[in-house]
Amino acid sequence: MQRWFRLSSLLLVLTAAFNVAQAAYVEVRGSLPPGAVRVFVRDTVYRISGTYTIGGTLLIEPGTTVEFMPNGRLVDSTGGRIIADGR
């Protein structure tokens with residue numbers, strides 16, 4: 001009985017950790033104003049769900065996942081910069 005309790009507790013903790021990791025995403029749309037800096041940090045999923053206009057600087061760290069939803073797009077406006085290093 002004690003062994004079963006330990007095993008079920010371990011499975012519960014692992015399942016909860018996996019579900020939290022799967023839900024870690026950030027929805028992105030709108031605009032980044034001129035002069036502003038935004039950093040997409042690694043180990044996070046960013047979902048572009050509409051038009052995201054870059055007027056400032058967008059830094060995308062290695063290890064970051066950027067997903068585009070069906071209506072998602074990045075628009076680099078005048079003076080905007082996108083700096084990314086990855087694959």
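The values are calculated or read from the model by the stated rules, or taken from the named source; none is laboratory data. Because the structure is predicted, anything quoted here is derived from the model rather than measured. A quick note on method: Cβ atoms are made from the backbone with ideal geometry, for glycine too, and the neighbour counts reach across all protein chains shown. Ligands, DNA and RNA are stripped out before the accessible areas are found, and what is left, the full protein with its side chains, is counted by its heavy atoms. Shrake-Rupley method; radii C 1.70, N 1.55, O 1.52, S 1.80 Å.
Computed values, structure above
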| item | result |
| --- | --- |
| Two-site label geometry, Thr65 and Ser49: point separation in nm, points 7 Å out along Cα→Cβ | 1.7 nm |
| Surface accessible to a 1.4 Å probe, Val26 within the full protein complex, Å² | 50 Å² |
| Distant-in-sequence amide H partners of Ile82 (H built 1.01 Å from N, under 5 Å) | Leu58 |
